[in-house]
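Visitor: Structure incoming, see below.
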Amino acid sequence: MRTTTLGNKGPEVGVIGLGCMGMTFAYDVKTPRDEDTSIEVIRQALDLGATLIDTADVYGPYTNEELVGRALADGHRERAVLATKVGLYVADPTGGPEGSPLIANNGRPEHVRQSIDASLRRLGTDHVDLYQLHRVDPEVPIEETWGAMAEVVAAGKARHIGLSEVTVEQIERAQAVHPVASVQSEMSLWTRDALDHVLPYCQEQGIAFLPFSPLGRGFLVGRFSSFDDLPEDDFRRRLPRFQQDALRANLAIVGRVREIAERAGVTPAQVALAWVVAQGRYVVPIPGTKTPKYLADNAVAADVALSAADLAELDALPAPTGGRY
């Protein structure tokens, strides 16, 4: 796979990474997990050059880091650029809407200090390559949280630190304390908010941008044609864009992506990912998958060169119906 770097001062990574959340969390939560296949997918990602492996302590909670740790054992850790996150926690496993876990913010410095040690134990490593603040805690000044993140770097427990779902103003405040290596936010053909301000700022500053859900949570590849296609235990059933009327309207976007894919001789997933990769030198999407076939399909997108006409047509796609959350 072609490579880039994690910003202008970070390690070399493949231009497409792997998000591991769905292997243990959020999607099809009542469906039995195939841990052996998930471990195979993580190791195959490394073989394909998708070296940025992304997890978080809240995924599970905790089970995702444990899974990634097992996948990276036996000599595989050295091949990965390992990223995890802190700053969210499961406040009540049954307290959210429709029985989903209630997730809360925690940016207190003592939480950061405790969490990195717990993450390293679960991951079976003495350091992570990228430690990310999952969400800014509105009750804690970002300077205090980021100062604790900087302590993690000084202690050798993380090589670099990054932010997730932040504004330019929050990035600037963090940078005044310690360099920001990366910003992770949702970005895809139907989620383009970051293109207005955050991504241009990251490009100007040499900060890596890591888009999660670059395939629109599976929607952009044509996986869902009806609300009823979603598993009953899937959190996408609560998202506005997946409600039946919105979903039906949004199928027009999928149709356009499919047309371009057929014209280019590639898959819709490869078109969607190639568009994301084309947004900047340090843009590294982290699509998630539990399936070797989809992993291999996603990896090919690193070498898909969309024409200027294709990119312009994708840029002109209409906004989706419904909000993100």
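The values are calculated or read from the model by the stated rules, or taken from the named source; none is laboratory data. As the structure is a computational prediction, the values presented were derived from the model and not from experiment. So basically every Cβ, Gly included, is an ideal-geometry build from the backbone, and we count neighbours across all protein chains shown. Only protein heavy atoms, including side chains, enter the accessible area calculation; ligands, DNA and RNA are left aside. Shrake-Rupley method; radii C 1.70, N 1.55, O 1.52, S 1.80 Å.
Visitor: Looking at Arg236, Arg241, which one is closer than 17 Å to Glu186 by Cβ, in a helix (DSSP H, G or I), in contact with a Gly (Cβ under 6 Å, 6 or more places away or on another chain) and not acidic (Asp, Glu)?
Guide: When all the criteria are applied, what remains is Arg241.
Visitor: Please verify whether Ala208 is under 17 Å from Lys9 (Cβ atoms), open to solvent by less than 50 Å² (accessible area, probe 1.4 Å) and of a type in the set (Gly, Ala, Ser), treating the condition exactly as stated.
Guide: Numbers: under 17 Å from Lys9 (Cβ atoms): yes; open to solvent by less than 50 Å² (accessible area, probe 1.4 Å): yes; of a type in the set (Gly, Ala, Ser): yes.
Criteria met by Ala208.
Visitor: So how many residues does region 288-325 have that are within 13 Å of Ile16 (Cα to Cα), open to solvent by less than 60 Å² (accessible area, probe 1.4 Å) and not acidic (Asp, Glu)?
Guide: 9
Visitor: Please find, within region 299-312, the residue that is nearest to Arg258 (Cα to Cα) out of those that are of a type outside the set (Val, Ile, Thr) and touching a helix residue (DSSP H, G or I) at 6+ places or on another chain (Cβ under 6 Å).
Guide: Asp310
Visitor: Related question: Scan region 89-105 and give yes if some residue there is in contact (Cβ under 8 Å) with a residue 12 or more places away in the chain, within 24 Å of Pro11 (Cβ to Cβ), open to solvent by less than 50 Å² (accessible area, probe 1.4 Å) and not hydrophobic (A, V, I, L, M, F, W, C), otherwise no.
Guide: no
Visitor: So, one more: Six or more apart or on different chains, Cβ atoms under 6 Å: show the pairs whose first residue is in region 114-126 and closer than 10 Å to Tyr62 by Cβ and aliphatic (A, V, I, L, M) and whose second is open to solvent by 50 Å² or more (accessible area, probe 1.4 Å) and part of a helix (DSSP H, G or I).
Guide: Taking only residues 6 or more apart or on different chains, not a single pair turns up.
Visitor: Now for a different question. Looking only at region 118-146, filter to residues that are touching a strand residue (DSSP E or B) at 6+ places or on another chain (Cβ under 8 Å), among the charged types (D, E, K, R) and open to solvent by 20 Å² or more (accessible area, probe 1.4 Å); which one of those is nearest to Arg159 (Cα to Cα)?
Guide: Applying the filter and picking the extreme gives Asp129.
Visitor: Considering only residues of region 76-104 that are touching a Phe, Trp or Tyr at 6+ places or on another chain (Cβ under 8 Å) and among the polar types (S, T, N, Q), which is modelled with the lowest pLDDT? Give the steps one after another, and end with the answer.
Guide: Restricting attention to region 76-104, the residues satisfying the condition of being touching a Phe, Trp or Tyr at 6+ places or on another chain (Cβ under 8 Å) are 83-86, 100, 103-104.
Keeping just the survivors that are among the polar types (S, T, N, Q) gives 84, 100.
Numbers: Thr84: 98, Ser100: 63.
Filtering first and then ranking leaves Ser100.
Visitor: Applying the selection to region 171-184, what residues are outside any loop (DSSP other than H, G, I, E, B) and open to solvent by 10 Å² or more (accessible area, probe 1.4 Å)? Before you say what the answer is, go through the steps one by one.
Guide: Restricting attention to region 171-184, the residues satisfying the condition of being outside any loop (DSSP other than H, G, I, E, B) are 171-175, 182-184.
Glu172, Arg173, Gln175, listed by residue number.
Visitor: Do the conditions hold for Gly17, that is, is it in contact with a strand residue (DSSP E or B) (Cβ under 8 Å, 6 or more places away or on another chain) and open to solvent by 10 Å² or more (accessible area, probe 1.4 Å)?
Guide: No, not satisfied.
Visitor: Quick check on Gly255: is it small (Gly, Ala, Ser), assigned to a loop (DSSP other than H, G, I, E, B) and open to solvent by less than 50 Å² (accessible area, probe 1.4 Å)?
Guide: Judged against the criteria, Gly255 is not a match.
Visitor: Take Arg217 and tell me if it is part of a loop (DSSP other than H, G, I, E, B), open to solvent by less than 40 Å² (accessible area, probe 1.4 Å) and not hydroxyl-bearing (Ser, Thr, Tyr).
Guide: yes
Visitor: Something else: Any residue in region 263-284 that's in contact (Cβ under 8 Å) with a residue 60 or more places away in the chain and among the basic types (Lys, Arg): show its pairings with residues that are part of a helix (DSSP H, G or I) and open to solvent by 20 Å² or more (accessible area, probe 1.4 Å) at Cβ separation under 9 Å, as long as the two are six or more apart or on different chains.
Guide: Arg281/Gln203
Visitor: Going by the conditions given, is Asp228 in contact (Cβ under 8 Å) with a residue 60 or more places away in the chain and among the charged types (D, E, K, R)?
Guide: So Asp228 does not fit the description; no.
Visitor: Another question, if that's okay. Give the residue that is modelled with the lowest pLDDT, with candidates limited to residues of region 25-42 that are open to solvent by less than 40 Å² (accessible area, probe 1.4 Å) and assigned to a loop (DSSP other than H, G, I, E, B).
Guide: Asp28
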